[in-house]
1. Where in region 191-211 does the amide nitrogen come within less than 20 Å of the point 7 Å from the Cα of Gln77, taken along Cα to Cβ?
2. Defining a contact as two alpha carbons under 8 Å apart and six or more residues distant in sequence, what relative contact order in percent does region 148-291 show?
3. Which of Lys81/Lys418; Lys253/Lys320; Lys109/Lys247 have a Cα-Cα distance over 18 Å?
4. From Cα pairs below 8 angstrom and at least 6 apart in sequence, can you work out the relative contact order of region 103-167, rounded to a whole percent?
5. R0 = 45 Å: FRET efficiency of Ala148 with Leu228, Cβ-based, nearest 0.05?
6. May I ask you to order 95-102, 177-184 by the average number of other C-beta atoms within 10 Å around their residues, highest value first?
7. Along Cα→Cβ, 7 Å out, is where each label goes; now give me the distance between the ones at Ile419 and Cys220 in nm to one decimal.
8. I'd like the distance separating the alpha-carbon centroids of region 257-321 and region 370-400, in whole Å.
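Read-outs throughout are calculated quantities, based only on the coordinates presented, and are distinct from any laboratory measurement. The structure displayed is predicted, hence computed values, not measured ones. Reconstructed Cβ throughout: ideal geometry from the backbone, glycine too, with neighbour counts over all protein chains shown.
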Amino acid sequence: MDAPGDPEGPRPPGGDRELADAPGAWAWLWFGDGRLAGARETARRLSRDQLFVLISTASLNLGSMMCYSILGPFFPQEAEKKGASNTVIGMIFGCYALFELVASLVFGKYLVHVGAKFMFVAGMFVSGGVTILFGVLDQVPEGPIFIAMCFLVRVTDAISFAAAITASSSVLAKAFPNHVATVMGSLEIFSGLGLVLGPPLGGFLYQSFGYEMPFIFLGCALLLMVPLNMCILPNYESAPGKHSFWKLVTSPKVALIAFVINALSSCFGFLEPTLSLFVVEKFNLPAGYVGLVFLGLALSYTISSPLFGLLSDKMPHLRKWLLVFGSLITAGCYMLLGPVPVLHIKSQLWLLVLVSVINGISAGMSIFPTFPEILDCAYENGFEEGLSTLGLVSGLISAMWSVGAFVGPTLGGFLYEKIGFEWAAAVQGPSDGLVLPTGALQEEEI
């Protein structure tokens with residue numbers, strides 16, 4: 001019942017603290033009585049540091065994902081002209097994740113020592129610089145020299161991205177401790193926008209101005225964001241923690257979720273070196289239109305992310321089922337991407353785009369329960385609440401995602417070369433569909 005004389009009407013569960021935290025207030029608007037006055041009150045109570053953290057993270061997600069995703073539509077074809085095989089192309093994509101794996105573990109461990117703000121800004125600066133360097137690789141002689149330079153630039157970009165994203169996730173969780181998944185899901189809109197805009201923009205710039213322009217344009221855009229983040233990003237400090245990655249990973253529940261992240265990432269990574277080649281070969285599309293094929297997956301993932309993040313925070317008991325159903329749907333999508341020949345379904349462009357859209361939604365279902373689940377498990381096992389633990393969790397998730405992102409492109413390029421896209425996708429998808437439900441059922445027993 002409303003308090004007598006209370007002009008604001010009913011309040012959300014949790015009182016003023018909940019209302020002061022913007023994501024919690026969003027949940028109240030969506031699941032409560034939805035009053036507009038509540039939204040305005042929330043906007044006024046969003047702290048300055050929280051607002052700046054949101055802006056900084058959004059700029060990183062948008063810029064880095066655009067730079068990351070521009071390779072898909074045209075780089076495999078360019079690399080083939082320079083003498084790289086499909087397997088080598090897959091390794092160029094995959095090495096990014098391998099070095100991000102190692103760097104994420106290191107940066108997560110020493111986040112407090114280095115400083116979250118410095119790690120964030122330095123990572124963004126280096127990433128912008130090496131993106132520009134990637135644009136001049138067409139001037140490098142073909143053969144081993146070109147391949148070696150691709151690996152060198154890609155590895156440097158991976159290390160810089162690992163620094164920025166580990167710091168970003170930790171700062172975000174520090175600023176919004178009660179609504180980690182909701183905020184991350186909402187900010188995935190900007191990651192999704194980067195994935196949506198990157199391939200078509202990269203394909204257009206490549207087709208209109210040549211190989212160099214996509215990398216120079218987006219690299220410069222990322223560098224322009226560095227001074228902004230130097231000025232506005234809060235400088236959180238914390239004492240080093242006494243716990244290690246080893247204690248975190250040896251928890252059965254955490255190890256299980258880490259395996260889940262690995263499998264899902266592998267499915268995503270599989271598409272990087274293979275999908276554009278398959279679309280060009282099967283449907284004879286120009287590079288500018290190939291980028292639009294990636295649009296279906298990225299756009300559906302972007303739109304569904306805030307909802308699944310909110311559900312993960314507000315209904316923790318649903319997290320296991322989001323993982324289960326998300327993984328099963330993902331497995332079915334990969335069987336239909338080709339489609340696999342045993343289904344006797346003709347490969348059509350509209351079917352490929354439709355399956356990609358559904359795959360984006362299922363990915364959102366599976367991704368967002370993982371961070372709050374690992375964080376809750378860490379606190380249950382005695383980890384202190386602070387930036388040190390957040391750095392460990394962020395580093396672990398980035399590292400496990402990187403393992404799959406390495407295996408996916410590397411194995412995908414090899415399988416594409418040996419058995420073709422249809423069968424390669426059929427091998428990749430069911431592995432994810434089997435791992436995630438099995439893991440969720442085992443989690444019940446822990």
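1. Flagged as within label range: 196-211.
2. Numbers: 43 pairs, mean separation 44.4, N = 144.
Relative contact order of region 148-291: 31 percent.
3. Details: Lys81/Lys418 20 Å; Lys253/Lys320 12 Å; Lys109/Lys247 12 Å.
Beyond 18 Å between Cα atoms: Lys81/Lys418.
4. Details: 55 pairs, mean separation 39.0, N = 65.
Relative contact order, region 103-167: 60 percent.
5. Details: r = 35 Å, r/R0 = 0.77.
Plugging the Cβ-Cβ distance into 1/(1 + (r/R0)^6) gives 0.85.
6. Numbers: 95-102: 21.9, 177-184: 23.4.
Per-residue mean Cβ counts within 10 Å order the peptides as 177-184, 95-102.
7. 4.6
8. Computed from Cα coordinates, the inter-centre distance equals 24 Å.
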